[in-house]
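Inspection log for the structure reproduced underneath, given as C-alpha cells.
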Amino acid sequence: MRPLRERRVGTVVRRVETVGSTMDAVRELGKDGAVLIADEQTRGRGRQGRAWHSPEGGLYMSVLLKPRVGAEASGLMPLWTGLAVCEASRGMDLEPRLAWPNDVVVGTKKLGGVLCESEVAGSRVDRAVLGIGVNVNNCIFPEDVRGTSLRLELGEAVELEAFTDDLMERLTDHYNRFLTEPVAFLDDYERCCTTLGRNVAADTAAGTVKGAAVGVGEQGELMVRTGEGVEAVHAGDVVELET
Ligand code: BTN
C-alpha cells in the first residue's frame, strides 16, 4: 500500500524533441519528482565521463529528486533506479540483469544505464538528478558499445510512452520505499545482479581490487572478497574475469 503523503516521480513531466542533456535541463523544472524526457540528446552523458549515444527511438529521461536523506544513502538511488528499469523490462517479457552498479544488461549486451548526480548540503542529500537511458526502439550503436535494445530482443517495436509511464510508476514506488526503508530493495537488487558470485576486477581510485563479488553493502558498495579479506568498492568500473 502506498503512503498517504506519497512522493511522486512525474509531478511535472516535460517532453522535448532535442536537448543537450536531460541532466541539465531537468534542474530548471525545480520541483521534487519533476521529469524531463527527450526524443534525442546531442550531448548525452554516461558514467565515468563517457558519452551516451542518444538517437531517436531510445528513452532519455532525468528525474529531479529532493529526498533529504543522509548523504551515505545517495549511492543507493542509482541502484533502485536500475532495478526499476529491469522490472519494467520484465513487464515486457524480457529478463535483463543488473551489472553492478546499475548497468542494465541482456547477457553481455547493454540495454540501459543510470547516471546519478547528487548534491550534498551538510550531511544530507539536497537534490539529486537520476538520468535513465534505455535502448527501446533504437537498434544501431557506436562500434565501441556492445548494445542491445528492447526492440532487438523482442523482435518488434515497443510502445515507448507506455514503457515510460510504467517505469515512472515503478520509480514512484521505489522512491517512497527508499524514503522510509532505504535498504529494503537490496534483496531484490541482489537477486537481479549478475555481478554477484563472479570473479571481478574493479578499477578504483586506489588501484585495482580483484576477487569474488560477494554482496552489496548498505551504501550500495560492491563487496569483493580478496586474498586479504573483504573490500568495499564504492565507485569505478568493474569487469568480470574469465574463471
Ligand atoms: C551509463 O553510463 O550507463 C549511464 C547512462 C545514462 C544516460 C542517461 S540518458 C538520460 C540522461 N541524460 C544524460 O545525458 N545521461 C542520462
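Assorted remarks:
- Taking a point 7 Å from the Cα of ALA51 along the Cα-to-Cβ direction, the residues of region 16-31 with backbone N closer than 18 Å to it are 18-24.
- Accessible surface of region 103-151, 1.4 Å probe: 46 percent of it comes from carbon and sulfur atoms.
- Solvent-accessible surface (1.4 angstrom probe) belonging to GLU190, in square angstrom, nearest 10: 60
- Gain in span if fully extended, ASP126 to GLU181, counting 0.36 nm per residue against the direct Cα distance: 17.9 nm
- Net lengthening on full extension, THR108/THR204 (0.36 nm per residue, minus Cα-Cα): 32.4 nm
- Carbon and sulfur %, accessible surface of region 153-213 computed with the full protein complex present, 1.4 Å: 43
- The chain: relative contact order in percent, alpha carbon pairs under 8 Å with at least 6 residues between: 17
- Extension gain, GLU119 to ARG68: 0.36 nm times the residue separation minus the Cα-Cα distance gives 17.3 nm.
- Cut-off 13 Å between beta-carbons: net charge of the residues surrounding VAL239, Lys and Arg +1, Asp and Glu -1: -2
- Cβ-defined net charge surrounding GLY229, 15 Å radius [Lys, Arg +1; Asp, Glu -1]: -1
- Of all accessible heavy-atom area on region 12-66, the percent that carbon and sulfur account for (1.4 Å): 44
- Taken per residue, the accessible surface of the chain reaches 49 Å², heavy atoms only and a 1.4 Å probe.
- Over all other residues within a Cβ to Cβ distance under 10 Å of GLY57, the charged ones net out to -2, with Lys and Arg as +1 and Asp and Glu as -1.
The values are calculated or read from the model by the stated rules, or taken from the named source; none is laboratory data. As the structure is a computational prediction, the values presented were derived from the model and not from experiment. Counting neighbours? That spans all protein chains shown, and the Cβs are built from the backbone with ideal geometry, glycine included. Heavy atoms of the whole protein, side chains included, go into the accessibility calculation; ligands, DNA and RNA do not. Shrake-Rupley method; radii C 1.70, N 1.55, O 1.52, S 1.80 Å.
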